Structure formats: C-alpha cells, structure tokens
Amino acid sequence: MVANMFGAGNSATALGIKAMEELQSLNQDKKTATNAMCMFLVINMSSIQLIPLTVLKIRTDAGSIAPGEIIGTSLIATTVSTVVGIIACKVLEGKGND
C-alpha cells in the first residue's frame, strides 16, 4: 500500500498478489472471496496517493510549468475514492449476511 501511496503501483503488484494469496489460505470457502479480501482489493486499487509520480512525470514531459500543482487535487480525489470504496464494502458486507 505504501508503494501505491507514492504512485509506484506497478512495484506493489507482486506484494499485493502475495497478500491476497495469504488471505486466500485463511479462506474456508475457496470459491468465494472473504470480506477481508474484498476490502484489501478496494483499498489497494483506490489507494490514496500522496505523490502521483506517474502524473507528475507525464506533466513534466508535456512541458508543464508547474507539474506539482496536481498533488492537492490528486490527494483529494484518491482520498474520496478510498473512503467511498470502504463505505461500499461495509454496506455490501452487511447485505451479504441476509
């Protein structure tokens, strides 16, 4: 998750797969994802980005005068997406017990 926070999501893929494999080893029903697996996936995919390195690089390469201006809005957008994802998981988690 830390690699995702710094905009280096590709380097986090192997660790994310390993974490999901560990969660699967604890899973009793191997055909259905657990609530913990779903929550991990949502948080890992939405990931709050403190420094969006990829966007900064693209803006720099495109000749932007201030490529770092995107940091504030990126932080807000990724925070909102993570919070909405967590809320959705919690709401759907409750509905799965019916």
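The values are calculated or read from the model by the stated rules, or taken from the named source; none is laboratory data. The model shown is predicted, which means the values in this text are computed figures rather than measured ones. No Cβ is skipped: glycine too gets one built from the backbone with ideal geometry, and neighbour counts run over all protein chains shown. Calculation scope for accessible area: heavy atoms of the full protein, side chains included, ligands and nucleic acids excluded. Shrake-Rupley method; radii C 1.70, N 1.55, O 1.52, S 1.80 Å.
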Rounded to the nearest 0.05, FRET efficiency between Ile58 and Thr13 (Cβ-Cβ, R0 22 Å) equals 0.65
Can you order the peptides 30-37, 72-79 by their average number of other Cβ atoms within 10 Å per residue, highest first?
72-79, 30-37
Under the 0.36 nm per residue contour assumption, what length would be gained going from the current alpha-carbon distance of Val84 and Lys31 to full extension?
16.5 nm
All lysines inside 23 Å of Lys95 as judged from Cα atoms, apart from same-chain residues fewer than 8 positions distant
Lys30, Lys31
Using 0.36 nm per residue, how much length does the chain from Ala66 to Glu21 gain when fully extended, once their Cα-Cα distance is taken away?
12.1 nm
Taking a ≥ b ≥ c as the square roots of the Cα gyration tensor eigenvalues, with a/c under 1.5 meaning rounded and otherwise prolate when a/b beats b/c, else oblate, which class fits the range 15-82?
prolate
Compute the accessible area per residue over the range 53-94, keeping the other protein chains in place, probe 1.4 Å, unit Å².
68
